[in-house]
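S.K.: Below you'll find the structure I mean.
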Amino acid sequence: SPPSEHAHWLAAGRASRRLVLVVVFVALLLDNMLLTVMVPIIPTFLYTTEYKGTNSTVAPVQTELAPSSLKTPPGLKALPFSSMFSFFDKTAVTVMSSTSAKDLANRTESSPLPQPPAINSPLPSSCLEGEEFLAKENVRVGLLFASKALVQLVVNPSVGLLTNRIGYHIPMFIGFIIMFISTIMFAFSGTYTLLFIAQALQGVGSSFSSVAGLGMLASVYTDDFERGNAMGIALGGLALGVLIGAPFGSVMYEFVGKSSPFLVLAFLALLDGALQLCILQPSKISPESTKGTPVFTLLRDPFILVAAGALCFSNMGVAMLEPTLPIWMMQTMCSPKWQLGMAFLPASISYLIGTNLFGILATKMGRWLCSLVGMVVVGISLLCVPLAKNIYGLIGPNAGLGFAIVGMVDSSMMPIMGYLVDLRHTSVYGNVYAIADVAFCMGFAIGPSTGGAIVRAIGFPWLMVIIGVINIAYAPLCWYLRNPPAKEEKIAILNQECPMQTKSYTAPKPLHDFPDVGDVEGENVE
């Protein structure tokens, strides 16, 4: 009978590891799409609502007007007669005053821009007036992006504990509900404060879905090779989210309107929620049978710290780029709205190729080597970003970034984290993926919040130099992950392997009553 067939299909679905992978994939995809959709929207949205609102005195330059009737934009001196390009009949006309922002924003990529005479400003051309506003905006946009990660940092450890208590299914569903609410908020927020609240709320939802999702995958895929592949695919969802987010956001914003991309995402989130209800049965409480290693014990393990550091610094590069690159493009390249997100397209395409390629390749060449090379490539790519003169100059560096960060570093480090816990602690993954997620969030919290301030103080190119050098300097530490010792091996081997880290192995006696079975490594170090 049809009902029994339906029930049979559901039962089969619940037993299927593939469908669990699909659910986690979609959850990570939506989370990261929501994060990156805003990258091109927020700077221009704030500029148009706040700056244009207060400075509506600027008249667009029209070619028919007599030079005397033109108003000079505030903050710029009236210039002597200078050649200005007309966008209608492709001829140069002589007008007074500097070019207005509106005209330049409408200028297509193809039309050449004559060099105006030097204004008292380091910019090659006066793309957008409101130089001071844009500088301040770097900081505010940075803080807005960082707010999600900061909230996620605070919430993560408690989600790790919660998954150990009640299993992964319920936290996963809670994550979906919060995510849906924040997406709807984004669609209808008109002020900085409301956007800030929606962003922070997204951090809470994101924390639930990513920790529970990755932990669930690690518990379903027990074989190390299979787990590596599954993590690779799930991180492909994260990659795809980062990939489509910015270009999708900028195109929808330019041609449909601000709330459109968010409403599309809200609809996709509903589909994921329905899938979770069918497959995961979020009412089911399934605590872990064994007691997981406490987070603080894991944090004292230097190998886990090295892996977490690699995740943090490589992602910090992209995190710094997201709020600052669109504003830098608005200032130096006079990019129209749709281009602000398209700049991230090469990063995202290479990100996808990298994830699928290195999920398999990393196991062959050694995950530690894969991430070491990845961090060097990240550093070099970041150093090349400020050399770009137009959007085409960003293709190379951004593609390198995408390829290296998720393709090489993330897809190697996530399985390494699971492997380290299997090797040196108890095989319960909620806490270690909470640490991995905290490392991500540290990158995405410190990156944008300090990035905006650094750009304001010493400029965008120097920001790229700083974070690029940090990545290259950190890379050699990945060598320690070559063959981490298992917990049965003697501390003496550890001392030869990594002499400076002996202190980290001294751990306090466990709090539980039954005798210690070795989940604390260093009882008798000293």
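S.K.: When both residues are 6+ apart or on different chains and their Cβ atoms are under 9 Å apart, which pairs have a first residue that lies in segment 270-298 and is on the phi > 0 side of the Ramachandran plot, and a second that is surrounded by 18 or more Cβ atoms within 10 Å (Cβ to Cβ) and at pLDDT 75 or above?
M.R.: Every condition considered, the pairs that remain are GLN281/HIS169.
S.K.: Quick check on segment 343-396: of everything there that is of a type in the set (Gly, Ala, Ser) and not in a helix (DSSP H, G or I), which residue is surrounded by the fewest Cβ atoms within 10 Å (Cβ to Cβ)? Show your work before the answer.
M.R.: First pass over segment 343-396, keeping only residues of a type in the set (Gly, Ala, Ser): 343, 347-348, 350, 354, 359, 362, 366, 371, 374, 379, 381, 388, 393, 396.
Next, from what is left, pick out any that are not in a helix (DSSP H, G or I): 343, 366, 388.
Values: ALA343: 28, GLY366: 15, ALA388: 20.
This residue is GLY366.
S.K.: Follow-up question, since we're still on this one. Considering only segment 424-435, state which residues are closer than 30 Å to LEU463 by Cα and modelled with pLDDT of 85 or more. Give the steps one after another, and end with the answer.
M.R.: Applying the first criterion (closer than 30 Å to LEU463 by Cα) to segment 424-435 yields 433-435.
Across segment 424-435, the qualifying residue is only ILE435.
S.K.: Of the residues ALA307, ALA274, ALA266, only one is small (Gly, Ala, Ser) and touching a Ser or Thr at 6+ places or on another chain (Cβ under 7 Å); which?
M.R.: Details: ALA307 fails: touching a Ser or Thr at 6+ places or on another chain (Cβ under 7 Å); ALA274 fails: touching a Ser or Thr at 6+ places or on another chain (Cβ under 7 Å).
On inspection, the qualifying residue turns out to be ALA266.
S.K.: Failed condition for LEU361, given (1) under 20 Å from the mean Cα position of the chain (by Cα); (2) without any contact (Cβ under 8 Å) to a residue 40 or more places away in the chain, with all others met?
M.R.: Every condition holds for LEU361 apart from (1).
S.K.: Here is a further query. Please specify each residue of segment 215-247 satisfying the condition of being open to solvent by less than 10 Å² (accessible area, probe 1.4 Å) and aliphatic (A, V, I, L, M).
M.R.: MET216, LEU217, ALA218, ALA230, MET231, ALA234, LEU235, ALA239, ALA246
S.K.: Pairs under 7 Å by beta carbon, first residue more than 14 Å from VAL295 (Cβ to Cβ) and open to solvent by 10 Å² or more (accessible area, probe 1.4 Å) in segment 154-168, partner part of a helix (DSSP H, G or I) and among the aliphatic types (A, V, I, L, M), six or more apart or different chains?
M.R.: So the pair list comes out as TYR168/ALA212; TYR168/MET216.
S.K.: Additional query: (1) of a type in the set (Ser, Thr, Tyr); (2) surrounded by 16 or more Cβ atoms within 10 Å (Cβ to Cβ); (3) modelled with pLDDT of 85 or more: which one isn't true of SER126, the others all being true?
M.R.: (3)
S.K.: Sticking with this structure for a sec: Can you report the number of residues in segment 208-237 which are within 16 Å of ALA362 (Cβ to Cβ) and of a type in the set (A, V, I, L, M, F, W, C)?
M.R.: Number of matching residues: 6.
S.K.: List the helices (runs of 4 or more DSSP H) that sit entirely inside segment 189-300 and contain at least 1 residues that are closer than 30 Å to LEU345 by Cβ. Please lay out each step first, then the result.
M.R.: Details: elements: 192-220, 224-255, 260-280, 295-299.
Result: 192-220, 224-255, 260-280.
S.K.: Turning to a different aspect of this structure: What pairs come out if I take residues in segment 375-395 that are at negative phi and pair them with residues that are assigned to a loop (DSSP other than H, G, I, E, B) and among the hydroxyl-bearing types (Ser, Thr, Tyr) whose C-beta lies under 9 Å away, six or more apart or interchain?
M.R.: Matching pairs, first to second residue: ASN390/SER335; ILE391/SER335.
S.K.: Can you name the residue in segment 376-402 that is within 26 Å of LYS337 (Cβ to Cβ) and within 16 Å of the chain's Cα centre (by Cα) and is also modelled with the highest pLDDT among such residues?
M.R.: Filtering first and then ranking leaves LEU382.
One line per residue, one yes/no per condition, for (1) modelled with pLDDT of 90 or more; (2) within 30 Å of GLY130 (Cβ to Cβ); (3) of a type outside the set (D, E, K, R); (4) under 17 Å from the mean Cα position of the chain (by Cα):
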position: ALA404; (1), (2), (3), (4): no, no, yes, yes
position: ASP422; (1), (2), (3), (4): no, no, no, no
position: CYS441; (1), (2), (3), (4): no, no, yes, yes
position: SER449; (1), (2), (3), (4): no, yes, yes, yes
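S.K.: Moving to a separate point now. Any chance segment 291-314 includes a residue that's in contact with a Cys (Cβ under 9 Å, 6 or more places away or on another chain) and hydroxyl-bearing (Ser, Thr, Tyr)?
M.R.: no
S.K.: In addition: Picking from ALA445, ALA473, ALA399, which residue would you name as being farther than 22 Å from LEU361 by Cα, in a helix (DSSP H, G or I), open to solvent by 10 Å² or more (accessible area, probe 1.4 Å) and out of contact with any Gly (no Cβ under 7 Å at 6 or more places or on another chain)? Don't jump to the end; show me each part of the working.
M.R.: Values: ALA445 fails: open to solvent by 10 Å² or more (accessible area, probe 1.4 Å); ALA399 fails: farther than 22 Å from LEU361 by Cα.
None of the others qualify; the one that does is ALA473.
S.K.: Pairs, please: C-beta under 8 Å, at least 6 apart or cross-chain, first residue without any contact (Cβ under 8 Å) to a residue 60 or more places away in the chain and in segment 308-327, second open to solvent by 10 Å² or more (accessible area, probe 1.4 Å) and assigned to a helix (DSSP H, G or I)?
M.R.: none
S.K.: State which residue is farthest from VAL155 (Cα to Cα) when the search covers only segment 178-205 and only residues that are open to solvent by less than 10 Å² (accessible area, probe 1.4 Å) and in contact with a Lys or Arg (Cβ under 7 Å, 6 or more places away or on another chain).
M.R.: Among those that are open to solvent by less than 10 Å² (accessible area, probe 1.4 Å) and in contact with a Lys or Arg (Cβ under 7 Å, 6 or more places away or on another chain), it is GLN199.
S.K.: Checking SER68 against (1) open to solvent by less than 60 Å² (accessible area, probe 1.4 Å); (2) closer than 30 Å to GLU132 by Cβ; (3) modelled with pLDDT under 85, only one condition comes out false. Which one?
M.R.: (1)
S.K.: Only one of these is farther than 30 Å from TYR47 by Cα, in contact (Cβ under 8 Å) with a residue 60 or more places away in the chain and either open to solvent by 10 Å² or more (accessible area, probe 1.4 Å) or among the basic types (Lys, Arg) (or both): ASP410, ASP422. Name it. Outline the logic, then answer.
M.R.: Details: ASP410 fails: either open to solvent by 10 Å² or more (accessible area, probe 1.4 Å) or among the basic types (Lys, Arg) (or both).
Sole residue among the options that is farther than 30 Å from TYR47 by Cα, in contact (Cβ under 8 Å) with a residue 60 or more places away in the chain and either open to solvent by 10 Å² or more (accessible area, probe 1.4 Å) or among the basic types (Lys, Arg) (or both): ASP422.
The values are calculated or read from the model by the stated rules, or taken from the named source; none is laboratory data. All figures in this text were calculated on a predicted structure; none of them were measured in a lab. Using ideal geometry, Cβ is built from the backbone for each residue, glycine included, and neighbour counts are taken over all protein chains shown. Heads up: the accessible areas ignore ligands, DNA and RNA and are worked out on the full protein's heavy atoms, side chains in. Shrake-Rupley method; radii C 1.70, N 1.55, O 1.52, S 1.80 Å.
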